[in-house]
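Read through the structure below, which is laid out as structure tokens, and then see the notes.
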Amino acid sequence: METSIQMNIWILFIISSLLFIFFSGVRIVRPTQRGLIERLGRYRKFAQPGFHWIIPLIDRLFLVNITEQMVDAEPQEIITNDNLNASVDAVVYFKVKEEEKNVKLSQYYVNDYKSQIVNLSRTTLRNIIGTLTLKSANSERKKINMEFHRILSEETKNWGITIARTELEQIDPPKDVQETMNKVVKAENEKIAAVDFATAAETVADGVKRGKIKEAEGIKQSKILNAEGEAEAIKLVNEAADKYFTGNAQLLKKLETVEASLKSNAKIVVPSGTELVNVIGEMAGVMPLK
């Protein structure tokens, strides 16, 4: 009986040990990772995403992230070609290629590729910006980025990684130089504002001038039209006078002669049928005979 109990204990111990060893060797590789399995320090096989079992204490699984990552090159002081200290910072985006060969290169060819990218980036930026003036470095950021990316890609082509992109975050001059540049920019902006204000004032004055010219032209045209109207009226009056006043003036003279004669009781012979008879009749209130 005692022997049977000991046997059962041993069986339970062995089963528990086997279960412990099995679960200790279970490894899961995520889709964003690739794995390298080593046995006793030597590369054994490549681990794709999914379930894997390794022998505990004998095998080791190294996981490698294959998603795009970012490292900061960290700010540094760089002396430009015009002997100014510029504070330069940049970031680098990269990813480990997912093929077995490239994952092995990222682990076995270079030691800690992240820190190596940072050091290489700092050295590359010093070499590029050191040949430029501060002004050209600020105005040619696109060209600097392109050269920065090209050199990093060339230098890391055997690391099993790809440089996705590089970005210059800052190229800042010394504080005193920055203050001087800010004053220059401020003065330039004030100059532009003054020119714009003068242009606007000139435009307003020109508009007022054109308005007054238009107003004067309107007054002039109005006077011309009034003068033309008065001239036309005078012309019509003259035409009427020429047509009707000449005969009536003669008749008026005759009437004045008659009036003067009547005052002196002179006898006047007026031919019958003349217009003077009709006029005298109208003056006397007598209708002429037909």
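Just so you know, all these numbers are worked out from the coordinates, no wet-lab data involved. Here the structure is a predicted model, which is why all the values come from computation and not from measurement. Ideal geometry is used to build each Cβ from the backbone, glycine not excepted, and the neighbour counts take in all protein chains shown.
Here are the numbers:
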| read-out | value |
| --- | --- |
| Highest-first arrangement of 128-136, 16-24, where packing means the average Cβ count within 10 Å | 128-136, 16-24 |
| Computed FRET value (nearest 0.05) for Ile15 with Thr162, which takes r as the C-beta separation and R₀ as 51 Å | 0.55 |
| Taking the C-alpha atoms of the stretch 2-65, convex hull volume expressed per residue in Å³ | 77 |
| Phi to ³J(HN,Hα) by Karplus 6.51 cos²θ - 1.76 cosθ + 1.60 over the stretch 156-169, Hz, x for Gly, Pro | 9, 5, 9, 9, x, 10, 10, 7, 5, 6, 10, 9, 7, 8 |
| Student exercise, the stretch 1-145 dipole from Lys, Arg, Asp, Glu Cβ charges, in Debye to nearest 20 | 460 |
| Amide H contacts of Gln69 (H built 1.01 Å from N, under 5 Å, at least 5 apart or other chain) | Phe94, Lys95 |
| DSSP-assigned coil residues among chymotrypsin sites (Phe, Trp or Tyr not before Pro) in the stretch 74-142, each with at most 15 further Cβ atoms within 10 Å | Tyr109 |
| Rg to Rh, two decimals, where the stretch 26-166 supplies the alpha carbon set and Rh follows Kirkwood | 1.13 |
| Which listed pairs, of Lys143/Lys191; Lys45/Lys157; Lys45/Lys97; Lys114/Lys142; Lys45/Lys114; Lys114/Lys143, have C-alpha distances above 26 Å, in listed order | Lys143/Lys191 |
| Whole-Hz ³J(HN,Hα) from phi, Karplus 6.51 cos²θ - 1.76 cosθ + 1.60, for the stretch 3-14, glycine and proline x | 5, 5, 5, 5, 4, 5, 5, 5, 5, 5, 5, 5 |
| Percentage relative contact order, the stretch 69-173, counting C-alpha pairs under 8 Å, at least six apart | 42 |
